[in-house]
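Engineer: Sharing a structure with you now.
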Amino acid sequence: MNSWTLVLVQALNGLQFGMMLFLFAAGLTLVLGIMNLVNLAHGSLYMLGAFFAATLQHWTGSFLIALALALPATFIAGAVIEALVLRTLYVRDHLDQVLATFGLILFLNELVRIVWGATPLYMSIPPALRGAVALLPGVEYPIYRLALIALGLAVALFLYVLVGKTRLGMLIRAGASNREMVEALGVDIRLLFTAVFGIGAVLAALAGILVGPILSVESGMGDGILILALVVIVIGGIGSIRGSFVAAIVVGLVDTMGRAFLPSLLAAVMPAVIAGAVGPALASMLIYVVMAIVLFVRPQGLFPVRSR
């Protein structure tokens, strides 16, 4: 594989990673931008969706059936968590929300260990999406990863239509702008917020389910991606779905390309031993450098929502 084909493959890997980040970050963006809730436990919903799907695939032998059942199961779990725990936090400040949802992370991680054990679970790729497809002569790419990219784009289009073109989207935008006025007009704002939180839970679960066949399904798997999702939200603009989409692609590409090529680039100007040690560390810092640059140029993010 020559250098240009390697760049192409890594760019596709970065795009696929970006789509998964977008699915996860979009739900967090909805909850933070509309409900003004800092939900650090969003990664736990990602984890629960993956565990539901892994268990259901083991029982049924079908990835699609597991996906179809795990998403509503996570919606219900998210709605229950919102009603029992998070609803009381809407009128509290962000520090209280951070502390409460961090405690929720610890609780759910331990609950998963009790129910499923500490051993990771594994999911299999659907038979129709196994194998690879030739992109160029001598260049093949996994069909499943291409399907993830396509699904991420489809979900982005769906969210654009949902938020911008439907009655539910109108209520969501109105609730984000002035929840008291929406409630005065007869809209059940609590039910609306539960629906929004449930949609966010489904998006997180979808991301967790889709990475299940690529990574292992284990307790705490949502903690690492939560940090990346927060970077995506800051870069894109808090509350902006469009910003999350663009920022997720940027973060996915920067992270993947940096890890793939930065060590070899450093090896051209310093000893290979040092480059091998320094390169991965610098690569992991690149997305934070990008975030710092964006905040310096546009403190509100790339696509800030209009002021309320």
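Only the coordinates and a few stated rules stand behind these numbers; no lab work does. For clarity, every value in this text was computed on a predicted model and none was experimentally measured.
Engineer: What's the angle, to the nearest 10 degrees (0 to 90), between helix 221-236's Cα axis and the longest principal axis of the chain?
Structural biologist: Helix 221-236 and the main axis of the chain meet at about 80 degrees.
Engineer: Based solely on its DSSP helices, what 222 nm [θ] is calculated for the chain when runs of n ≥ 4 H residues each add -39,500 (n - 2.57) and the sum is averaged over all residues, nearest 500 deg cm²/dmol?
Structural biologist: Taking each H run of at least 4 residues, the total per residue is -25500 deg cm²/dmol.
Engineer: Compute the relative contact order of the chain as a whole-number percentage, counting only Cα pairs closer than 8 Å that sit 6 or more residues apart in sequence.
Structural biologist: Rounded, it is 34 percent for the chain.
Engineer: Identify which of G224, G138, G243 has the largest mean-square fluctuation in a Gaussian network model of the chain, with springs joining Cα atoms closer than 10 Å.
Structural biologist: It is G138.
Engineer: Let me ask something additional. For the chain, modelled as a GNM with alpha-carbon contacts under 10 angstrom, which of F193, F17, F102 fluctuates the most?
Structural biologist: F102
Engineer: Under 5 Å between amide H atoms, partner at least 5 residues away or on a different chain: which partners does L135 have, H built in plane at 1.01 Å?
Structural biologist: Distant-sequence amide H within range of L135: E140, Y141.
Engineer: OK, next. I'd like the Karplus ³J(HN,Hα) series for the stretch 109-116: coefficients 6.51, -1.76, 1.60, θ = phi - 60°, whole numbers in Hz, and an x wherever there's a Gly or Pro.
Structural biologist: So the J values, rounded to whole Hz, are 4, 5, 4, 5, 5, 5, 7, 9.
Engineer: In a GNM of the chain with a 10 Å cut-off on Cα contacts, which of P280, P127, P137 has the highest mean-square fluctuation?
Structural biologist: Ranking P280, P127, P137 by mean-square fluctuation puts P137 first.
Engineer: Related question: Gap in Å between the Cα centre of the stretch 273-290 and the Cα centre of the stretch 219-267?
Structural biologist: 14 Å
Engineer: Here's another thing I want to ask about it. Quick one: which residues, 5 or more positions from L302 or on another chain, have an amide H under 5 Å from its amide H? H modelled 1.01 Å from N in the peptide plane, none for Pro or chain starts.
Structural biologist: G236, G237
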